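Trainee: Before I ask anything, let me first share the structure, which is written out below as structure tokens.
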Amino acid sequence: MANSDSPKPDLLVNAMQAFLLYEQGRYDEARVLFEELAEKDASEGYYRTALGAICLAMDGFDKALEYFNQALQLNPEDTAALINRGEVHLRLGNTLEAARDFSRVVELDPDNQDPLTERARVLADAAWQSAEDAQRDLGEVQEG
């Protein structure tokens with residue numbers, strides 16, 4: 001939990017329980033717990049990142065985007081929120097936004113310390129290539 005210097009023990013226990021529920025695919029139960037946690041500690045971005053991940057897993061892309069944006073307002077260097085928001089953008093066809101999010105993760109971890117960075121690097125390359133292809137195709141259509 002990135003923003004809390006000393007999280008309250010009950011919040012930490014509830015967050016661990018909610019995460020386990022998420023890992024088990026019990027998304028509705030996890031969502032309820034993470035919503036309660038977000039209400040109790042509005043300054044902690046992790047809860048919104050988790051809520052976004054739940055929405056992403058359930059194909060609720062608009063709501064996932066909203067949660068990831070909130071998490072990044074609280075912690076602009078939350079790589080999990082950036083990678084997941086990038087994935088939402090990819091699924092929505094927003095390749096430039098996706099590429100920006102993935103590239104930001106790579107910028108934040110140039111030495112690949114976080115295992116997610118390599119995934120972000122691959123996705124960034126793919127998203128930039130897709131965006132370039134789309135621009136080239138658009139140019140060919142306009143010329144034709």
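Trainee: Counting just the residues of segment 26-46 that are aromatic (Phe, Trp, Tyr) and touching a helix residue (DSSP H, G or I) at 6+ places or on another chain (Cβ under 6 Å), which one comes out most open to solvent (accessible area, probe 1.4 Å)?
Mentor: Going through the qualifying residues, I end up with TYR27.
Trainee: Out of all the residues in segment 100-127, which are surrounded by 12 or more Cβ atoms within 10 Å (Cβ to Cβ) and either outside any helix (DSSP H, G or I) or in contact with a Ser or Thr (Cβ under 8 Å, 6 or more places away or on another chain) (or both)?
Mentor: Passing the criteria: VAL105, VAL106, LEU108, ASP109, ASN112, ASP114, LEU116, THR117, ALA120, ALA124, ALA127.
Trainee: If you take the residues of segment 67-120 that are without any contact (Cβ under 8 Å) to a residue 24 or more places away in the chain and among the acidic types (Asp, Glu), which of them is nearest to ALA53 (Cα to Cα)?
Mentor: In this case the residue turns out to be ASP101.
Trainee: While we're here: Can you tell me which residues in segment 102-123 are under 20 Å from ASN75 (Cβ atoms) and aliphatic (A, V, I, L, M)?
Mentor: VAL105, VAL106, LEU108, LEU116, ALA120
Trainee: Test LEU90 against the criterion of being in a helix (DSSP H, G or I), buried (at least 18 other Cβ atoms within 10 Å of the Cβ), at pLDDT below 95 and of a type outside the set (D, E, K, R), and give yes or no.
Mentor: yes
Trainee: With the checklist (1) open to solvent by 30 Å² or more (accessible area, probe 1.4 Å); (2) closer than 30 Å to GLN135 by Cα; (3) free of Cβ contacts under 8 Å to residues at least 12 places away in the same chain in hand, flag the one item LEU20 doesn't pass.
Mentor: Going through (1) open to solvent by 30 Å² or more (accessible area, probe 1.4 Å); (2) closer than 30 Å to GLN135 by Cα; (3) free of Cβ contacts under 8 Å to residues at least 12 places away in the same chain one by one, LEU20 breaks only (2).
The values are calculated or read from the model by the stated rules, or taken from the named source; none is laboratory data. Since we're looking at a predicted model, the values are computed, not measured. Note: ideal-geometry Cβ built from the backbone for every residue, glycine included; neighbour counts use all protein chains shown. Calculation scope for accessible area: heavy atoms of the full protein, side chains included, ligands and nucleic acids excluded. Shrake-Rupley method; radii C 1.70, N 1.55, O 1.52, S 1.80 Å.
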